[in-house]
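**Student:** There's a structure below that I have some questions on.
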Amino acid sequence: MSERAAAPDEAIEEYASRYSNWGRWGADDEIGTANLITREVVRDAARRVRLGRVIGLGLPFDQNGPQNGNLGRFNCLRYSNVTGADHAGGRQLWHGEPFPHGFGYADDTIVMPLQSATHWDSLAHIFHAGRMYNDRRAAEVTAAGAPHCGAEALRDTLVGRGVLLDLPGSQGVEWLEDGHAIDAAQLDAAAEFGQVELTEGDIVLLRTGQLKRCRAQGWGGFAGGDAPGLSFFALPWIAEHGIAAVASDTWGVEVRPNELPDSFQPFHIPAVVYMGLMLGEMFDLEVLAEACAEAGVYEVFVSAPPLAVTGSAGAPPGPVAVI
């Protein structure tokens, strides 16, 4: 496909048709490209752990997060139901009596959109022309949730070989600028920089450095604004390498402003709706990038299944990488 000649509808329709996985893993499939993470992939990834160093990849869930109200999303609200002060003040009772032997406890409640910080999109998140992944009707997703393709379908996957593609590292800059479209050539260069070869079933950890910039300069328009990210035309590269998932340090994985005129997140349509590609957003890859550079190792073991929130369009994991 010529990037210059690509009209939005034609480009989306072509990629949707060419890279569709509808029916590939059966009519009941709800996890798309995560099917590529086989037991052998997980076993081999675990065997490659060298240092045993565990690095968290998730943002904290608190009021210092990136959300600004865009799309109705807000940062995590946490409040205490029961506190240590209650315990110290003798206000904690069990059936009307103090707990025996000086026992006390604390409890919390949170309220937050499931996609307010680090999260995976489930395959019930994006629709196109009334359909969702595996040719299901978008109208099936109601206020009661998604009867198919919710985050709970992913509870037993998204664990395996992670490959850090450090785009700023490979390009000799601190971070990529907003609007920087990452194409296949840049992805290949980042793999060469890390001396890694992509294999089927890999989880690509895509570092743009935007999170580092936001920590230095403030969140600004991180949530829904301009950003570096994958080019729409990088989709063939992902399909040809058999990538199971892409997790980035940006709000939406793909480049913003979007490349196709008069479009909104066009990469998501063929990628999520048709290919069934797992997309992770707002992953914190900064410490991992430093550790990989220090160790000279850019392949890691990743464990990042999302919380099994039934019927949800996405959910946060407790993601870690092990070098």
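**Student:** Can you give me the distance in nm between label points at GLU290 and GLU14, each placed 7 Å from the Cα along the Cα-to-Cβ direction?
**Tutor:** 4.4
**Student:** Sticking with this structure for a sec: Charges on Cβ only, +1 for Lys and Arg, -1 for Asp and Glu, centred on the Cα centroid of the chain; of ALA106, ASN21, GLY220, which one is farthest towards the dipole's positive end?
**Tutor:** After comparing all options, I get ALA106.
**Student:** Something else now. Would you be so kind as to identify which of ASN64, ALA138, ALA313 lies farthest towards the positive end of the dipole of the chain, taking Lys and Arg as +1 and Asp and Glu as -1 on Cβ and the Cα centre as origin?
**Tutor:** Projecting each Cα onto the dipole axis, the largest value belongs to ASN64.
**Student:** Continuing with this model, one more query. 7 Å from Cα along Cα→Cβ at both ASN81 and TYR105: what's the point-to-point distance in nm?
**Tutor:** My value for the distance between the label points is 0.9 nm.
**Student:** Give me the three principal axis extents of region 138-287 from the C-alpha atoms, as integers in angstrom, largest value leading.
**Tutor:** Taking max minus min along each principal axis of the Cα atoms, region 138-287 gives 47, 35, 30 Å.
**Student:** Given axes a ≥ b ≥ c from the Cα gyration tensor, I'd like to know whether region 199-323 is rounded (a/c under 1.5), prolate (a/b larger than b/c) or oblate.
**Tutor:** Verdict is rounded for region 199-323.
**Student:** Could you give the size of the charge dipole of region 20-164 about its Cα centre, using +1 on the Cβ of each K and R and -1 on the Cβ of each D and E, expressed in debye and rounded to the nearest 20?
**Tutor:** My answer is approximately 660 debye.
**Student:** Sticking with this structure for a sec: Positive end of the charge dipole of region 6-140 (Lys, Arg +1 and Asp, Glu -1 on Cβ, about the Cα centre): tell me which of LEU51, GLN92, GLN115 has its Cα farthest that way.
**Tutor:** Of the candidates, LEU51 comes out farthest on the positive side.
**Student:** Report, in debye and to the nearest 20, how large the dipole of the chain comes out about its Cα centre when Lys and Arg carry +1 and Asp and Glu carry -1 on their Cβ.
**Tutor:** The dipole magnitude comes to about 740 debye.
**Student:** If you count only protein heavy atoms with a 1.4 Å probe, what accessible area per residue comes out for the chain, rounded to a whole Å²?
**Tutor:** 45
**Student:** Could you give the nm distance between label points at ARG155 and ALA185, where each point is 7 Å from its Cα heading toward the beta carbon?
**Tutor:** 4.7
**Student:** Using alpha carbon centroids, what distance separates region 223-251 and region 257-274, in Å?
**Tutor:** With region 223-251 and region 257-274 each reduced to a Cα centre, they are spaced 11 Å.
**Student:** Could you pull the accessible area for LEU77 with a 1.4 Å probe, rounded to 10 Å²?
**Tutor:** Approximately 80 Å² for this residue.
**Student:** Please state the charge dipole magnitude for region 139-268, taken about the Cα centre, from unit charges on C-beta atoms (+1 on K and R, -1 on D and E), reported in debye and rounded to the nearest 20.
**Tutor:** 460
**Student:** Please give the peptides 167-173, 241-247 ranked by average Cβ packing (other Cβ atoms within 10 Å per residue), highest first, as a rough proxy for protection.
**Tutor:** So the order, starting with the most tightly packed, is 241-247, 167-173.
**Student:** Which ³J(HN,Hα) values in Hz, rounded to whole numbers, follow from the phi angles of region 245-251 under the Karplus curve 6.51 cos²θ - 1.76 cosθ + 1.60, where θ = phi - 60° and Gly and Pro get x?
**Tutor:** For region 245-251, the Karplus curve yields 7, 10, 10, 10, 9, 10, 5 Hz.
**Student:** Further question on the same structure: What accessible area, in Å² to the nearest ten, does a 1.4 Å probe give for GLU200?
**Tutor:** GLU200 has an accessible surface of roughly 110 Å² with all protein chains in place.
**Student:** If packing is taken as the mean number of other Cβ atoms within 10 Å per residue, what is the order of 140-150, 111-121, highest first?
**Tutor:** Packing proxy ranking, top to bottom: 111-121, 140-150.
The values are calculated or read from the model by the stated rules, or taken from the named source; none is laboratory data. This structure is a prediction, so every number in the text was calculated from the model and none was measured. Methodologically, a virtual Cβ is constructed for each residue, glycine included, from the backbone with ideal geometry; neighbour enumeration extends over all protein chains shown. Note: areas computed on protein heavy atoms with side chains; ligands, DNA, RNA excluded. Shrake-Rupley method; radii C 1.70, N 1.55, O 1.52, S 1.80 Å.
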